[in-house]
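The values are calculated or read from the model by the stated rules, or taken from the named source; none is laboratory data. Since this is a predicted model, take the numbers as computed values, not measurements. Cβ: placed from backbone, ideal geometry, glycine included. Neighbour counts: every protein chain shown.
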Amino acid sequence: MAERFTVTTPIYYPNDRLHIGHAYTTVAADALARYHRLREEEVFFVTGTDEHGQKIEERAQKAGTTPIAYVDEIVSDIRDLWQLLQISYDDFIRTTEPRHERVVQEIFRKLEASGDIYLSQYEGWYCTPCESFWVEGKLVDGNCPSCGGPVARLNEESYFFRLSRYAEPLLQHIDSHPDFIQPTSRRNEMISFIRQGLEDISVSRTSFRWGIPLPQDPRHIAYVWIDALTNYITACGYLQDEQRFARFWPADVHLVGKEIVRFHAIIWPAILLALGLPLPRVVYGHGWLLLGEQKMSKSRGNVIDPRQLVQRYGRDAVRYYLLREVPFGADGNYTEEALILRTNVDLANDLGNLLSRTTAMIERFTGGIVPKPSGDSVLRPVAVEAVRKATQSLDRLQVSDAVVAVFELVRRANKYIEEAAPWQLNRSGDARLNDVLYDLAESLRITAVVLKPFLVDAPHAIYRQLGLDSADAARLRDTAWGGLPPGTRVQRGEPIFPRIDAESIVASSAPADAAPETPQISIDDFSRLDLRVGTILSASKVKGADRLLELTVDLGEGEPRTVVSGIAEHYQPQALLGSQVVIVANLQPAKIRGIVSHGMILAGKTESGLQIVSPREALPPGTKIK
């Protein structure tokens, strides 16, 4: 186990508010940082903003303000977003800070003294929005190959960095460190790019003034390669705090979007080689979060505001969706319907329902006290394997796989409830009841610990409902089985993930004449639905609610369930007695008009009204529908 772990995000360009794609990168880095803290390592997590350049200067002029005043407002908004998502960074670096200006100027001195920087003339095509130079052959229909916008011909004096000098050393490093660039597809792209030949790059500008002036030639300001990329070593204490720099550099992971892998896997390592400094251990280029078939882009305007999503669904739901939905390293496609589905199925139905059912059964069967098990455990090996797979995946930077591993334990625990039928064990006085209830509660405790890298509110809520102190102090070693003390009194609370009414949210955001769309689900999603036949034992109208009936339904569990259903306008209570219905049995309990409803009755909507779904022939209560 390493004693420390350094992880970085790209530093974001504050020309506008950040979108959900930026949040994806930062939440992923935060998950890695939280995981290594869970392992009791010393973590240094760096994020920040890249604040210089022609684009900022022009925007400030149009806004009638100074560049620093312009970026100050946006940087404040970025910090607020990271606070909203509970991003646990250790340093937020701004390239306008004096500490960074001093480091950049000293790096220029060092590189010029070593012959790695020289003065020459630059002539080529420049894209202001991308702040990138392009040779003629790279243009697409005369426009920038990155954003598609217009480019301008520039001819100016510039300092150049001898990138061409480091082609062979870079190839040697990549060959001897096969994990340096990940995933493999990005590594292969970078090798191919280097072998095509590296050209020296311009590292200063004279056509605008918003930047760090070069100490030996103030007519020039430092260009992005030296100004922005060097933020990582500034934050780690380079040329300022030798002990800190020795402790936290080299970085263990530079986490970047795939579009900037070339800058971080070729230009940045070459600068480090020129300075005689160690290279980062891993540069990981993750995929894009697409909207439709396009990458989200502030310049295109096709962006999703993460603040609105957090306000609507909660930060844990947004964090979970970002980390679970996109296979790490590959592209993912954002849809709000998928976010709702993932929240309802995984968080509400699986995790939330497991907590609700477990605490309810402990209250009902053992007086709210976690019982002492006999020692036999069905879920213990499942928990051990889930922790092993989750930690192994995170060690390999496979974040989405780690989330999947945790939920294997959650789903197995839900299935165990149906297999063990605690209500029957309670009715018969079977001593195995204590083993089952302890297994479920302990599985939830371990789940809460392993979820700490991904979710920030739910682990504490699970601990509270299990009757434990805050999960703040929980560490990876606390996933050892048996950490939940028998005799603990549970504190059952509200559902930690209320089910989202997808229909009303989608309808409210759709055009008036738009046909509603139903998101597709996989067979795995469908298999998580527990559909069972139930027999209605009693029915009565809910006071003050014309559309609601309170039903008592036998699902073969020994103790009937209460279900509130909106069918009062279509069925008289007495007519339903003895009827068989199909129930969604693993639906998150919900309080409706003060009544806790444990399920949903399936019904079809016809022109004449609702019609409940019933089996053609009578079936035993509890029969599963497949």
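Couple of notes before you dig in:
- Residues in segment 559-603 that are hydroxyl-bearing (Ser, Thr, Tyr) and in contact with a Ser or Thr (Cβ under 7 Å, 6 or more places away or on another chain) were compared, and the one that is nearest to Arg411 (Cα to Cα) is Ser597.
- Count - residues of segment 585-626 that are at pLDDT below 75 and among the hydrophobic types (A, V, I, L, M, F, W, C): 2
- Residue within segment 52-68 that is in contact (Cβ under 8 Å) with a residue 40 or more places away in the chain and in contact with a Leu (Cβ under 9 Å, 6 or more places away or on another chain) present: no
- Residues located in segment 298-319, provided they are at pLDDT 90 or above and over 16 Å from Leu341 (Cα atoms): Asp305, Pro306, Arg307, Gln308, Gln311
- Residue within segment 370-381 that is buried (at least 19 other Cβ atoms within 10 Å of the Cβ) and touching a Gly at 6+ places or on another chain (Cβ under 8 Å) present: yes
- In segment 128-151, residue modelled with the highest pLDDT [restricted to those that are of a type in the set (Asp, Glu) and farther than 22 Å from Asp227 by Cα]: Asp141
- Residues that are in a helix (DSSP H, G or I) and either under 18 Å from Val224 (Cα atoms) or among the hydrophobic types (A, V, I, L, M, F, W, C) (or both), drawn from segment 170-187: Leu170, Leu171, Ile174
- Where helices (runs of 4 or more DSSP H) fall entirely within segment 201-267, those with at least 3 residues that are over 25 Å from the mean Cα position of the chain (by Cα) and in contact (Cβ under 8 Å) with a residue 60 or more places away in the chain are at 224-227.
- Residue list for segment 298-351, restricted to those being β-branched (Val, Ile, Thr) and more than 22 Å from Pro495 (Cα to Cα): Val303, Ile304, Val326, Thr335
- Residue match in segment 345-354 (condition: over 27 Å from the mean Cα position of the chain (by Cα), more than 30 Å from Glu259 (Cα to Cα), of a type in the set (Gly, Ala, Ser) and at pLDDT 95 or above): no
- Restricting the search to helices (runs of 4 or more DSSP H) fully inside segment 398-487 and requiring at least 1 residues that are in the same structural domain as Gly375 (by TED's automatic domain parsing), of a type in the set (Lys, Arg) and under 24 Å from the mean Cα position of the chain (by Cα) gives 399-420, 432-450, 458-465.
- The condition of being under 28 Å from Leu484 (Cβ atoms) and in a loop (DSSP other than H, G, I, E, B) holds for only one of Gly375, Gly352, Gly329, that being Gly375.
- One residue stands out in segment 516-548 among those that are among the hydrophobic types (A, V, I, L, M, F, W, C) and farther than 24 Å from Asn344 by Cα: the one that is modelled with the lowest pLDDT, namely Ala545.
- Of all residues in segment 152-191, those satisfying the criterion of being of a type in the set (Asp, Glu) and either over 29 Å from Pro129 (Cβ atoms) or modelled with pLDDT under 95 (or both) are Glu156, Glu157, Glu168, Asp175, Asp179.
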